[in-house]
1. Taking amide H atoms as placed 1.01 Å from N in the peptide plane, list the residues 5 or more away in sequence, or in a different chain, whose amide H sits under 5 Å from that of V230.
2. Top to bottom by accessible area (1.4 Å), largest first, where do Y8, Y66, Y233, Y89 land?
3. At q = 0.16 Å⁻¹, what is the log10 ratio I(q)/I(0) for the range 123-258, with the Debye formula run over Cα points and no solvent?
4. Do you know the relative contact order of the range 124-274, to the nearest whole percent, from alpha carbon pairs under 8 angstrom that are 6+ apart?
5. Under the 0.36 nm per residue contour assumption, what length would be gained going from the current alpha-carbon distance of L250 and Y122 to full extension?
6. Which value, in Å² and to the nearest 10, is the accessible area of I36 when all protein chains are kept and the probe is 1.4 Å?
7. Mean Kyte-Doolittle of at least 0.0 plus a Cα span of 15 Å or more along the axis: flag which DSSP H helices in the chain meet both, please.
8. What figure in square angstrom, to the nearest 10, would you give for the accessible area of V212 with a 1.4 Å probe?
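The values are calculated or read from the model by the stated rules, or taken from the named source; none is laboratory data. Source: prediction; values computed, not measured. Here the Cβ positions follow ideal geometry from the backbone for every residue, glycine too, while neighbour counts run over all protein chains shown. Calculation scope for accessible area: heavy atoms of the full protein, side chains included, ligands and nucleic acids excluded. Shrake-Rupley method; radii C 1.70, N 1.55, O 1.52, S 1.80 Å.
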Amino acid sequence: MRLKLVIYGVLLVCCVPFVFPIWWMATTSLKPVSEIFAFPPTLLPGSPTMDAYRQVFELQPFGRQYVNSLYIALVVTLGTLAVSALAGYAFARIRFRGAGIVFVIVLSGLLVPVEVTIIPLYKMFDAFGLVDTHWPLILIPMLGAPSVLATFIMRQFFITLPAELEEAGRVDGLGRFGLFWRVCLPLARPAIGAVSIFTFLHSWNLYLEPIVFLSSKQKFTIPQALTQYVDAYGGPMWNTQLAAATLSALPVLIIFVLAQRQFVEGLAQTGLKG
């Protein structure tokens, strides 16, 4: 019993550096500006107010920008899952000449920073008339480095599945796609959960691509919108920015709480066999 109490105490102390910034962000968003810079600082707002949350929606179309980020992240997550699941299954279960070399070439995409390719990508999307649209924010993550990482995770999971499962499926008359869809994919829920969280979080937090490709406020995403809450002199509106940041953190927290079990299992199982 004492050992458990000690362990829980240590874990609580270790949680402080991770939980305190979120607590400070949420509580400070409820403080008036004068109280934010008060000394000594307070952990709870003395005079809580929702003015900052009202200003979030009054100063710019934050609701529309919120929807933009949400639907882009969902589309990117679904598209990345489709691409990575198929590619990961092919690399793990289909034997073909040069598979190892092709896989290494695919993994090399993780070594190329997005800053290196952003100018060629801008010129390409500009030639297709897709600048100031959401297509670059969807296609670049779905076919770029995040998809490569997702493919690696899915491949590592599919490798761990026993070959007898596919043999039983072949006896039942399943073809290659049937084996993938009806046998392997239903068992890949932990990996799918991990990939979903990684991908959604990456897309939700995209910053460089939006500021390069988007110029209309109605099409802004959350990270880009957060930089727009400034006063007439260009200084940050702290309580309003923190209120917007608090709202932007909610979807990620909700998704992680709902899928944390699959997330942990996916990371654990993808490292069992290489």
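1. It is M237, by chain and number.
2. Numbers: Y8 135, Y66 50, Y233 210, Y89 10 Å².
Greatest to least solvent exposure: Y233, Y8, Y66, Y89.
3. Those come out to -0.95, one per q.
4. Values: 122 pairs, mean separation 57.5, N = 151.
Relative contact order comes out at 38 percent.
5. Details: separation 128, 0.36 × 128 = 46.08 nm, distance 3.10 nm.
My answer for the length gained is 43.0 nm.
6. 30 Å²
7. On the way: long enough: 2-28 (37 Å, 1.59); 62-93 (45 Å, 1.02); 114-127 (19 Å, 0.94); 145-159 (21 Å, 1.32); 189-204 (22 Å, 0.83); 238-269 (42 Å, 0.94).
Both cut-offs are met by 2-28, 62-93, 114-127, 145-159, 189-204, 238-269.
8. 50 Å²
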